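Report on the structure given below.
Quick note: the coordinates plus some simple rules give every number you see, no bench work behind them. Computed from a predicted model, the values in this text were never measured in an experiment. Positions of Cβ are backbone-derived with ideal geometry, glycine not excepted, and every protein chain shown enters the neighbour counts.
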Amino acid sequence: MKIPQEKIDQLNEIILRSNRIVFFGGAGTSTESNIPDFRSKRNGLYNQWNEKGLSPEILLSRSFFRKKPEVFFQYYRQNLIHPDALPNETHYGLAKLEKAGKLKAIITQNIDGLHQKTGSKYVLELHGSIYRNYCTECKKEYHLEKILEDNNVPNCNVCGKMVRPDVTLYEEPLDIKVIDKAINAISNADTLIIGGTSLVVYPAAGFIEFFRGSDMVIINKETTLYDQKADLVIQGSIGEVFRRMNL
Ligand code: NAD
């Protein structure tokens, strides 16, 4: 269903009067780049169970990674790595807002690196990035190619131990420095735009509680638990919103 023009107009007005916008996003910002999210009713990865009957929450957990790294890497390579994906209207629109001096930070739960591909500078990756990898023993750093070079568990060229992605698995804490920066950015924002996230993954979702500014906007295909608190809720495609905004 097409998003009503009055909603787009309201968002344009908010953007016009804002100077410290922060964007808080999730996997839904990248579905229009053909990267599946987790919880969308139709194509979300949570609706697909792997052949052994394991959910993504188990497959992407720290304990499973330690117990069965070969199955972890098989699932991770097939479902989480999309090196050929291109940024979409949302990523480009946010980069434009940053360049115009309106947007101060992008806080993303995504690990796909698509915001940086449009030139966005201040991107806080709460859950890490597929592009950073490191040896679990000697901490030598590796690029994504290391994970993609064959189908086995990747091993360090120096010490021979396992290389892992610098992404936050279930059961793992977030990076405290990134948390601090995210909370600081949200606390200082005059407008918080939340887009393409189910807002059910904690602690990340809880950071939006630190918002003290005047306009909270939620753009999502499905309803979220925070819709009641928002000043403007736009239900629909975030790509469509950014395509139709005055940027
Ligand atoms: P989620 O899957 O829980 O929720 C995505 C939400 O976005 C859903 O509510 C869905 O309705 C909405 N959505 C999907 N496409 C949309 C669109 N085009 N326009 C507007 N809304 C849309 O995602 P989440 O809240 O980010 O969950 C968190 C976890 O998912 C994160 O930890 C993240 O690391 C992981 N993840 C990341 C990627 C990625 O990097 N692209 C992909 C899959 C999962």
Margin query: Only Cα pairs within less than 10 Å get springs; with that Gaussian network setup on the chain, which residue of 230, 182, 105 has the largest fluctuation?
Written below: 230
Next item on the list: Hey, can you grab everything whose amide H is under 5 Å from the amide H of residue 194? Only 5+ residues off in sequence or another chain; H modelled, so Pro and N-termini drop out.
Entry: 24, 217, 218, 219
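Would you mind estimating how fast the stretch 28-106 diffuses translationally, via Stokes-Einstein at 25 °C and 0.890 mPa s with the Kirkwood radius over Cα pairs, in µm²/s?
Values: Rh = 14.6 Å.
After rounding, the answer is 168 µm²/s.
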Next item on the list: Compare the peptides 12-19, 238-245 by average per-residue count of other Cβ atoms within 10 angstrom and give them in order, highest first.
Entry: 238-245, 12-19
Check: Want the number for residue 152 to residue 1: 0.36 nm per residue separation, take away the alpha-carbon distance, what's left?
Finding: 49.9 nm
Next item on the list: Go through the stretch 38-47 residue by residue and turn each phi into a ³J(HN,Hα) via Karplus (6.51, -1.76, 1.60, θ = phi - 60°); whole Hz please, and just put x for glycine and proline.
Entry: 8, 10, 4, 4, 8, 10, x, 5, 5, 7
Margin query: Please report the antiparallel percentage of the DSSP beta bridges confined to the chain, to the nearest 5.
Written below: 25 percent
Margin query: Defining a contact as two alpha carbons under 8 Å apart and six or more residues distant in sequence, what relative contact order in percent does the stretch 154-247 show?
Written below: 21 percent
Notebook entry, point to check: Check residue 140: other-chain or 5+ apart residues with amide H under 5 Å from its amide H, H built from backbone geometry?
Noted result: 135
Notebook entry, point to check: Tally Lys/Arg at +1 and Asp/Glu at -1 over every other residue whose Cβ is under 10 Å from the Cβ of residue 238; what's the total?
Noted result: -1
Notebook entry, point to check: If you line up the long axis of helix 69-79 against the longest principal axis of the chain, both from Cα atoms, how many degrees apart are they, to the nearest 10?
Noted result: 40 degrees
Note to self: What does the net charge come to around residue 73 if you take all other residues with beta carbon closer than 15 Å to its beta carbon, with K and R at +1 and D and E at -1?
What the structure shows: +4
Checklist line | Nearest 10 degrees, 0 to 90: helix 5-17 Cα axis against the chain principal axis | finding: 90 degrees
Checklist line | Acute angle (nearest 10 degrees) that the helix 89-99 long axis makes with the longest principal axis of the chain, alpha-carbon atoms | finding: 70 degrees
Next item on the list: Using a Förster distance of 30 angstrom, determine the FRET efficiency expected from the C-beta separation of residue 132 and residue 229, and round it to 0.05.
Entry: 0.35
